[in-house]
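The values are calculated or read from the model by the stated rules, or taken from the named source; none is laboratory data. In this text, all values refer to a predicted model and were calculated from it rather than measured experimentally. As a convention, Cβ positions derive from the backbone with ideal geometry for all residues, glycine included, and neighbour counts pool all protein chains shown.
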Amino acid sequence: MSERIDLNGRWTGFHTQHDRRRAISAHLSHDGDRLSGTMSDDCTVIETSITELAMEEALPPGADEQIVEKIRAMVPDAPGGPVVAEVQIPPRSTLEGQVEGRAVNFLKTYQGPFFSGFRIGEVRVGMLGEGQEARYRGRLSPDGTEIEGDWQIDGPVGLPNQIKGGFWLRRLIAG
């Protein structure tokens, strides 16, 4: 029978999306197979050029110009300047999940409003919501000091089916 590793404590690391790392930290509470806790995201505003967005999402050539044209038509009185894709997430979230052997799975629920859409100057066009959820699936290292895996968010209607990436957390040793 394998030894059960206690995951209680503070963890730090990052999540990735399109090969970009963004710092996260977590405080985990582990009781039996139940896992709960909180997570903090250091980067809460993510801006991307429309050209970069089109490339990352593998959209066909010219899609970036079509997106900009549609956004400018929706907001004809918006100031000049570039149209950018923007996501704003709350800095804090709660975690609920389970541990089975070395498998660590949890649902991350953001605490507060989020925005996903486009911005021209200070004018925003997009979706405002609350309670956004991300599913994390990871694997605990044999020594119990790291969790590595992937995450995904189901995309709202009209956006990509899933937004996804990877994550890595390392236990902070009290010193």
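For the range 32-60, filtering for residues that are in a strand (DSSP E or B), among the charged types (D, E, K, R) and either over 24 Å from Gly112 (Cα atoms) or out of contact with any strand residue (DSSP E or B) (no Cβ under 7 Å at 6 or more places or on another chain) (or both) leaves 1.
Candidates Ser93, Ser116: the one that is of a type in the set (Ser, Thr, Tyr) and touching a Gly at 6+ places or on another chain (Cβ under 7 Å) is Ser116. Evaluating Ile50 against the criteria (1) surrounded by 14 or more Cβ atoms within 10 Å (Cβ to Cβ); (2) within 18 Å of His15 (Cα to Cα); (3) not charged (D, E, K, R) leaves one unmet condition, (2). Number of residues in the range 112-141 that are more than 17 Å from the chain's Cα centre (by Cα), modelled with pLDDT under 95 and more than 20 Å from Val68 (Cα to Cα): the value is 0. The lone criterion from (1) surrounded by fewer than 15 Cβ atoms within 10 Å (Cβ to Cβ); (2) within 18 Å of Val125 (Cα to Cα); (3) not hydroxyl-bearing (Ser, Thr, Tyr) left unmet by Pro60 is number (2). Every condition in (1) under 13 Å from the mean Cα position of the chain (by Cα); (2) at pLDDT below 95 holds for Thr109 except the one numbered (2). Selection of the range 119-133 for residues being closer than 14 Å to Pro91 by Cα and either among the aliphatic types (A, V, I, L, M) or surrounded by fewer than 17 Cβ atoms within 10 Å (Cβ to Cβ) (or both) yields Glu130, Gly131, Glu133. Restricting attention to the range 66-105, the residues being part of a strand (DSSP E or B) and farther than 23 Å from Val45 by Cα number 8. Restricting the range 1-31 to residues that are part of a loop (DSSP other than H, G, I, E, B) and in contact (Cβ under 8 Å) with a residue 12 or more places away in the chain, the residue that is surrounded by the fewest Cβ atoms within 10 Å (Cβ to Cβ) is Ser2. Contact map, the range 67-78: residues that are under 19 Å from Thr48 (Cα atoms) paired with residues that are among the β-branched types (Val, Ile, Thr) and assigned to a helix (DSSP H, G or I), Cβ distance under 8 Å, separation 6+ or inter-chain. Pairs shown: Ile67/Ile50; Val68/Ile50.
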